[in-house]
Amino acid sequence: MKVNINPHRENKAWHVEADWVLMVLFYRLSYPHRHTDGAEVLGGSRSTCGEAFVFAINYIFNTYAPRLSDMSFFKDHFRHFAAYVSSIGCPHDNLIGYIDGNNQPIARPGGDGCVLQNLDQRDFYSRKHKRHSLLWQALCMVNGLVAIWGPYAGRHHDSAVLGQSQLLDDMRDLGIYLGRNYAFFGDAAYPLGTHCYPVYKAAA
């Protein structure tokens, strides 16, 4: 099967095998590298690999966006996730995955002489990382699938993003539906609660 890729340039649309686009996507996401490296392994040029990757990402987001952050799609598997985590020695029998935030650097937004743009700069500036950024939140489940929320302005803390994502509300509702509360594990940036178990440093 072939797909039609149009990188928003006149008369530049081209056809390519869907399997090759899928390989570009997987290769690009497997580890950090440049599109030049992918072109050497998979064929094509640096620009075609880049356009194929953007096409694949946009297709997934436009087609499956509701599923990227809807925990109800995974609720039937919570029991199996928790059973596996417990079987490998975890003292809890209701954990389904691990949550963390990702801070992605961006160029400084706005420009000189514009008050609103200067306010945007402060919104996107992360004092922790000392840079302008976007913040994403991801919950990686036991089977390797990842639910994603974002992007959020970089100034936010991981715990604030957790509140804005309404993930805790969704987990509460699913717990009522399933008849049992399930939780996820996070680092010390997240608050302790019924559905979130953060790690704490052991007392000396």
Dividing the alpha-carbon radius of gyration of the chain by 2.2 N^0.38 Å, where N counts its residues, gives 1.24
Taking the chain and counting helices only, DSSP H stretches of n ≥ 4 at -39,500 (n - 2.57) each over all residues, the nearest-500 ellipticity at 222 nm comes to -13000 deg cm²/dmol
Going residue by residue through the range 183-191, the Karplus relation 6.51 cos²θ - 1.76 cosθ + 1.60 with θ = phi - 60° gives ³J(HN,Hα) values, rounded to whole Hz and with x marking Gly or Pro, of 9, 10, 9, x, 7, 5, 6, 9, x
Sequence order, the range 86-102: Karplus ³J(HN,Hα) from phi using 6.51 cos²θ - 1.76 cosθ + 1.60, θ = phi - 60°, Hz rounded, Gly and Pro as x, gives 5, 5, 9, x, 6, x, 9, 10, 9, 7, 10, x, 10, 10, 7, x, 10
The answer for the range 87-188, accessible area per residue at 1.4 Å probe in Å², is 58 Å²
Of the accessible area of the chain, computed with a 1.4 Å probe and all protein chains kept, carbon and sulfur make up a percent value of 55 percent
Amide H proximity to residue 126 below 5 Å, modelled H, separation 5+ or other chain, gives 131, 132, 133
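The values are calculated or read from the model by the stated rules, or taken from the named source; none is laboratory data. All values derive from a computational prediction rather than experimental measurement. When the accessible area is computed, the model is the full protein with side chains, heavy atoms only, and any ligands, DNA or RNA have been set aside. Shrake-Rupley method; radii C 1.70, N 1.55, O 1.52, S 1.80 Å.
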